[in-house]
Structures are given as structure tokens and as C-alpha cells.
Amino acid sequence: MSIPDLPFRATTEEACAWLAQQTGTPWTLATLLEHGVTPYVWLDYDAALPELFGDANGGYAAPIFFEGDVARLAAGSPNVSITLTKDAYGIVARPPAPGFLRRLDELRFQKKDLAALAKRLLQPPAPAAKPVAESPFGIGKDEVLAAFGRIVRLDLSQALDDAIGIFGDDGARVKASARKSKRNAVWNPVTLALGLHDVYRAPLGPLKKAFNTHDFLRAWRDDWEESLRLLGK
């Protein structure tokens with residue numbers, strides 16, 4: 001994106017005018033902050049604060065990211081209050097109380113941040129995902145083994161065939177799905193994964209990864225996340 005009319009560090013007025021030109025909508029300091037653009041203020045070197053400036057003996061641009069400081073700006077504060085920032089090396093630092101106080105016209109916004117925001121806002125919506133050809137009832141044995149077979153320390157294939165405990169109709173297997181033959185059996189992957197964790201001590205990390213890795217589990221990812229949330233996991 002070519003933006004020759006935007007300075008490397010733009011004032012609030014320059015940033016708002018440029019974004020208005022790009023998006024066709026008005027911008028203010030408050031809307032900039034609502035969209036998560038980080039403002040900066042140039043701090044001239046202060047020999048009394050060597051730990052803040054380090055080797056930056058000419059000063060550096062300090063970011064304003066602390067929630068309270070940003071909220072004051074968004075609410076219309078007549079000045080800039082910086083109670084938490086980062087030092088010249090990018091490490092979070094707290095200035096001596098009560099912090100730094102600067103004029104509003106000293107705020108600056110980085111060109112790259114504004115360009116990234118405009119690109120995000122102007123990007124066309126992603127096409128709707130194609131429906132996944134999955135069983136609406138559960139996943140088959142091959143899919144169960146592909147997703148969870150290496151996570152548990154048991155012969156999962158044999159356990160599914162035996163259909164005892166969480167693997168049967170009273171557990172994770174969809175009731176009566178194997179009425180005609182074992183080949184027709186399907187299992188609810190959320191119930192199955194939770195059972196593998198509770199009964200067979202399968203670690204949650206690999207189970208979570210399975211739901212985020214396998215396309216055939218996509219339809220159950222929301223149920224899985226909600227189940228974990230309700231269980232406090």
C-alpha cells in the first residue's frame with residue numbers, strides 16, 4: 001500500500017485525515033484508540049532516568065498502551081498522562097510517580113500501524129467456508145483413531161470394538177449407530193475426548209490440538225470449547 005502523504009510518525013490530525021481519505025468515514029482520536037492503534041510520545045533524554053533511556057541519549061518514542069492511560073485519552077483528556085510505558089529497549093517500565101504529562105499535540109501514530117489498520121478495514125470479507133462433508137451425528141472409527149489414537153495409552157481400536165464404558169451407547173458412541181454393524185458406528189468426539197481425559201488421563205493439550213488440527217472435527221470445535229469452559233478447563 002503506497003502512502004507517500006503519511007509521515008513516519010503522524011500527528012493525530014494527519015492520521016485521522018489519512019484514514020478518512022482511505023475509508024470514506026470520519027476519524028477521531030477516540031476511534032483511533034478504539035481500533036487499537038498505539039499512540040506514542042517522544043521523550044527527550046533525561047539523565048535522571050538512565051534506566052529508562054539506556055543508550056538512547058537522544059531520546060525515543062514511548063508507547064502509550066496502559067489501559068488506564070488509553071481510557072483517559074479516549075474519554076477526552078486535555079493532556080497525555082503516561083503512568084506505564086516501555087523503555088528504549090522495549091521493556092515495560094513505570095516512570096516515577098505521577099508519571100509523564102505531555103500535551104495532546106505531542107501524540108504520534110506510526111505509519112506502519114495506520115497502514116495495517118487501513119488494509120484490515122478495506123480487505124473484502126472472506127468467502128464463506130465450504131460446508132464440511134461430515135456426519136451430523138459423530139465420527140467413525142478411522143477418524144477417532146486418527147484424532148485420538150496416539151494420545152491414550154490403550155488399544156483404542158479394540159476398545160471401540162468392545163464398546164464398553166464411554167465407548168458404548170451409554171457413553172460416547174451415538175446410540176444405535178452400530179445396530180446393523182460395527183462399521184456403521186460413530187462417536188461424539190466431544191464426549192469421547194472428555195471421557196478419554198477423565199477416565200484414561202489423556203492430557204488436555206493434545207486433545208485440544210486434535211480439535212484444532214483435524215478438519216473432520218471442525219463441526220464440534222465450538223461444543224468442545226464450550227464444554228471446557230463450563231468445566232473450568
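Okay, residues lined up against (1) under 15 Å from Asp142 (Cβ atoms); (2) more than 26 Å from the chain's Cα centre (by Cα); (3) open to solvent by less than 50 Å² (accessible area, probe 1.4 Å):
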residue: Asp169; (1), (2), (3): no, yes, no
residue: Ala178; (1), (2), (3): yes, yes, yes
residue: Lys182; (1), (2), (3): yes, yes, no
residue: Trp187; (1), (2), (3): yes, yes, yes
residue: Leu194; (1), (2), (3): no, no, yes
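Residues that are closer than 16 Å to Arg108 by Cα and touching a residue at least 40 places away in the same chain (Cβ under 8 Å) were ranked within the range 40-63; the one that is surrounded by the most Cβ atoms within 10 Å (Cβ to Cβ) is Leu43.
Taking the numbered list (1) open to solvent by 60 Å² or more (accessible area, probe 1.4 Å); (2) more than 19 Å from the chain's Cα centre (by Cα) in turn, Glu226 passes all entries but (2). When Leu6, Leu32 are screened for being in contact with a Cys (Cβ under 9 Å, 6 or more places away or on another chain), touching a residue at least 12 places away in the same chain (Cβ under 8 Å) and open to solvent by less than 30 Å² (accessible area, probe 1.4 Å), only Leu32 passes. Picking from residues in the range 126-166 that are at pLDDT below 70 and either in contact with a Cys (Cβ under 8 Å, 6 or more places away or on another chain) or surrounded by 11 or more Cβ atoms within 10 Å (Cβ to Cβ) (or both), the one that is nearest to Ala178 (Cα to Cα) is Ser135.
Residue check: Ile82 meets all listed conditions (1) of a type outside the set (S, T, N, Q); (2) closer than 14 Å to Pro39 by Cα; (3) at pLDDT below 95 but one, namely (3).
Report the residue count in the range 89-121 for those that are of a type in the set (A, V, I, L, M, F, W, C) and either in contact with a His (Cβ under 9 Å, 6 or more places away or on another chain) or open to solvent by 40 Å² or more (accessible area, probe 1.4 Å) (or both). Lay out the reasoning, then the answer.
Narrowing the range 89-121 to residues of a type in the set (A, V, I, L, M, F, W, C): 91-93, 97, 100-101, 104, 107, 109, 114-118, 121.
Next cut, either in contact with a His (Cβ under 9 Å, 6 or more places away or on another chain) or open to solvent by 40 Å² or more (accessible area, probe 1.4 Å) (or both) only: 91-92, 97, 101, 104, 116-117, 121.
Matching residues across the range 89-121 total 8.
The values are calculated or read from the model by the stated rules, or taken from the named source; none is laboratory data. Every value quoted in this text rests on a predicted model; they were computed, and no experiment measured them. Here Cβ is always computed from backbone atoms with ideal geometry, including for glycine, and neighbour counts include all displayed protein chains. Heavy atoms of the whole protein, side chains included, go into the accessibility calculation; ligands, DNA and RNA do not. Shrake-Rupley method; radii C 1.70, N 1.55, O 1.52, S 1.80 Å.
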